[in-house]
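Below is one structure; the comments refer to it alone.
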Amino acid sequence: MSDMEPFPDIEQVLVTLFADIAPTVTEAPEGFTPPMVRVSRTGGSDDGLTDSPIVETTCYGATRAESWALDGLVRQRVLACAATVVDTVLIDTASTVTPAQQLSDPRLDIRAVSSSYRFGLRRRSPYMEDSSHG
């Protein structure tokens with residue numbers, strides 16, 4: 001039995017996918033200035049062929065309206081990314097698990113909205129080209 005390539009890092013794939021929407025990170029830096037999107041894999045499963053990660057996105061804005069608008073852009077990008085290639089990673093499916101919800105934040109000058117999505121993606125292939133993400 002030969003070793004298979006590891007599944008792609010969905011967090012890094014989403015950093016690329018959302019790059020033109022807002023600065024996107026896997027960990028919010030101390031003292032950041034919004035807007036910003038944070039992505040974090042929170043669970044999921046695989047069947048050996050397809051990885052099915054669940055990812056939480058947190059959209060930070062200076063106002064409630066800004067954070068909700070940013071979440072809307074991220075959600076539309078997620079729902080449109082099925083059957084596309086991003087950084088040589090084929091995203092087969094993308095769906096909403098938990099739609100947008102306002103988060104409490106002790107820093108009253110920043111508002112945050114969180115959503116969760118499930119993806120279906122395969123291992124990287126050198127034969128796939130990036131088919132855009134915009």
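The values are calculated or read from the model by the stated rules, or taken from the named source; none is laboratory data. Worth saying up front: this structure is predicted, and the values here are computed from it rather than measured. Cβ sites come from the backbone with ideal geometry, for glycine too, and all protein chains shown count toward neighbours. Note: areas computed on protein heavy atoms with side chains; ligands, DNA, RNA excluded. Shrake-Rupley method; radii C 1.70, N 1.55, O 1.52, S 1.80 Å.
With an 8 Å Cα cut-off and a minimum separation of 6 or more residues, compute the relative contact order for the chain in percent.
26 percent
Accessible area per residue of the chain at 1.4 Å probe, in Å²?
Heavy-atom accessible area per residue stands at 54 Å².
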What order do Arg122, Arg38 take when sorted by accessible area (1.4 Å probe), most exposed first?
Arg122, Arg38
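Could you check how much of the accessible area of the chain is carbon and sulfur, as a whole percent, using a 1.4 Å probe?
Numbers: 3760 of 7240 Å².
Accessible surface attributable to carbon and sulfur in the chain totals 52 percent.
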Tilt, helix 64-80 to longest principal axis of the chain (alpha-carbon atoms), in degrees rounded to tens, equals 10 degrees
Using a 7 Å offset from the Cα along the Cα-to-Cβ direction at both Leu73 and Phe32, what is the distance between the two label points in nm, to one decimal?
1.4 nm
Positive-end residue of Ala62, Pro29, Thr88, charge dipole of the chain with Cβ unit charges:
Ala62
Given a Förster distance of 35 Å, the FRET efficiency implied by the Cβ-Cβ spacing of Asp3 and Ala80, rounded to the nearest 0.05, works out to 0.55
